[in-house]
Each structure stands twice: as C-alpha cells, then as structure tokens.
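Heads up, the thing below is written out as structure tokens.
None of the figures in this text is laboratory data; all of them are computed from the coordinates on show. Worth saying up front: this structure is predicted, and the values here are computed from it rather than measured. Don't worry about glycine lacking a Cβ; one is built from the backbone with ideal geometry, like all the others, and counts go over all protein chains shown.
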Amino acid sequence: MPKATVAAIVHPAEDRQTILLTRRNVNPFKELWCLPGGHIEDFEAAETAVVREVKEETNLDFAPEQFVGWFEEIFPEHRFHAVALAFAGAGSGALQEQPDEVSEMAWFTLDEALSMQLAFTHNLVLNRYARSLDQ
C-alpha cells in the first residue's frame, strides 16, 4: 500500500524564483538534495503535515499558498511507494539544521535546482512549479 507524503517548495516571501533544498541524511536517497517534506501522519490533513514537516526539518514557518499537484513515487529498488502532495509557499524564520534527517540546507535559484538530480520525483515537482510561474 502506498504511503501518503508531502513536499514543500519553500521560497522567500518576495522571491518565488529562489527555493530551499535540503540534503538527505537518511535512506532512501541519502546525500541527494530534495524538497523538505515527509510522511502524513494518521488523521493529519496534508496542509498540516507539510507545515509540520518544514518546521521539523528546517525550523522555518511555512505558509502554503499553492497546491502544485500530486506525484506518484514508485521506487521498487528502495522498497518505497508513495503518493506525494506538493505545496509551494513562503517560508519565514531562521534556518536551523536538523541533523537526524538533514545534513545541509541551502537556497538555490529555481534554474539551479532544476539542473540538479533531486531525490524522489522532486525534479518533476519543480518542473510543474516552474510551468505554473510562467502562466
């Protein structure tokens, strides 16, 4: 049975072309950059989960403004199957690394992030987000 997960495209309030990526410190995809996010807990709303996950991983307060879409994440080689719900919005506060899950965090331009190999389906997520900005 697939898990339900969330992913956050976190940007500064004044700049939707700059996004936050985290480097994973856990498997699967350890050492790859990705969007902040994680599993939705039992009886938790998706928007509540994405706000919680951003806080847990980055210490930022996240204000979801846009539902980017849903993405199937099927990686049999990692025994991982999830349906990810992606949200974009502004992050505020002070970044603080959480070494249990994240080994590094950094701001990237959207173009820089699109050129990277990201974990999960996060390249697809960012491509859909970029297309939404062009409309």
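What are the residues whose amide H is under 5 Å from the amide H of A90, where those residues sit 5 or more places off or on another chain and H is modelled from the backbone?
Under 5 Å from the amide H of A90: H11, A63, E65.
Within 10 Å of each residue's Cβ, count the other Cβ atoms and sort V83, V102 from fewest upward. Show your work: numbers first, answer last.
Details: V83 14, V102 20.
Result, fewest neighbours first: V83, V102.
Along Cα→Cβ, 7 Å out, is where each label goes; now give me the distance between the ones at Q96 and E56 in nm to one decimal.
It works out to 1.6 nm between the two label points.
Go through segment 57-66 residue by residue and turn each phi into a ³J(HN,Hα) via Karplus (6.51, -1.76, 1.60, θ = phi - 60°); whole Hz please, and just put x for glycine and proline.
With coefficients 6.51, -1.76 and 1.60, one gets 8, 10, 6, 7, 8, 10, 10, x, 10, 9 Hz.
Points 7 angstrom from Cα along the Cβ direction at S103 and E41: gap in nanometres?
The modelled label-to-label distance comes out at 2.8 nm.
Looking at segment 18-68, which trypsin sites (Lys or Arg not before Pro) are in a loop (DSSP not H, G, I, E or B) and have at most 15 other Cβ atoms within 10 Å? If you can, show how the numbers build up before the last one.
On the way: sites: R23, R24, K30, R52, K55; in loops: K30.
Those that pass, being in a loop and sparsely packed, are K30.
What trypsin sites (Lys or Arg not before Pro) does segment 62-135 have in DSSP loop regions with at most 15 other beta carbons within 10 Å? Walk me through the numbers before you get to the answer.
Values: sites: R79, R128, R131; in loops: R79.
Listed in order of number, the matching sites are R79.
How much of the pair distance distribution for segment 1-70 lies past 15 Å, counting alpha-carbon pairs only, in percent? Please report the intermediate quantities before stating the final value.
Details: 1331 of 2415 pairs.
Value for segment 1-70 (Cα pairs over 15 Å): 55 percent.
How large is the dipole of the chain about the Cα centre if only Lys and Arg carry +1 and Asp and Glu carry -1, each at its Cβ, rounded to the nearest 20 debye? Kindly include the intermediate steps, with their values, before the conclusion.
Working: 10 positive and 22 negative charges, 62 e Å.
Computed about the Cα centre, the dipole is about 300 debye.
Of D111, D42, D61, how do they rank once you tally other Cβ atoms within 10 Å and put the fewest first? Write down the numbers at each step before the final one.
Details: D111 10, D42 6, D61 13.
The fewest-first ordering by Cβ neighbours comes to D42, D111, D61.
How much length is gained if the chain between H78 and T48 is pulled fully straight, taking 0.36 nm per residue apart and subtracting their Cα-Cα distance, in nm to one decimal? Mind showing how you got there, number by number?
On the way: separation 30, 0.36 × 30 = 10.80 nm, distance 2.68 nm.
Going from the current span to full extension adds 8.1 nm.
How big is the C-alpha Rg of segment 45-102 next to the rule-of-thumb value 2.2 N^0.38 Å, as a ratio? Could the numbers behind the result be given before it?
Numbers: Rg = 13.1 Å, N = 58, 2.2 N^0.38 = 10.3 Å.
Here the Cα radius of gyration is 1.27 times the empirical estimate.
Which length gain, in nm to one decimal place, applies between Q17 and L32 when the Cα-Cα distance is subtracted from 0.36 nm times their residue separation?
Working: separation 15, 0.36 × 15 = 5.40 nm, distance 2.09 nm.
Contour length minus Cα-Cα distance gives 3.3 nm.
Could you list the square roots of 5 times each eigenvalue of the Cα gyration tensor of segment 3-134, that is, the equivalent ellipsoid semi-axes, sorted largest first and rounded to whole Å? Kindly include the intermediate steps, with their values, before the conclusion.
Working: eigenvalues 73, 54, 50 Å².
Those come to 19, 16, 16 Å.
Write out the chymotrypsin sites (Phe, Trp or Tyr not before Pro) in segment 13-91 meeting two conditions: DSSP loop, and at most 16 other Cβ atoms within 10 Å of their Cβ.
Values: sites: F29, W33, F43, F62, F67, W70, F71, F80, F87; in loops: F29, F43.
Answer in residue order: F43.
Counting only residues 5 or more places away or on other chains, whose amide H sits under 5 Å from the amide H of N59 once H atoms are built in the peptide plane?
For N59, the qualifying residues are Q96.
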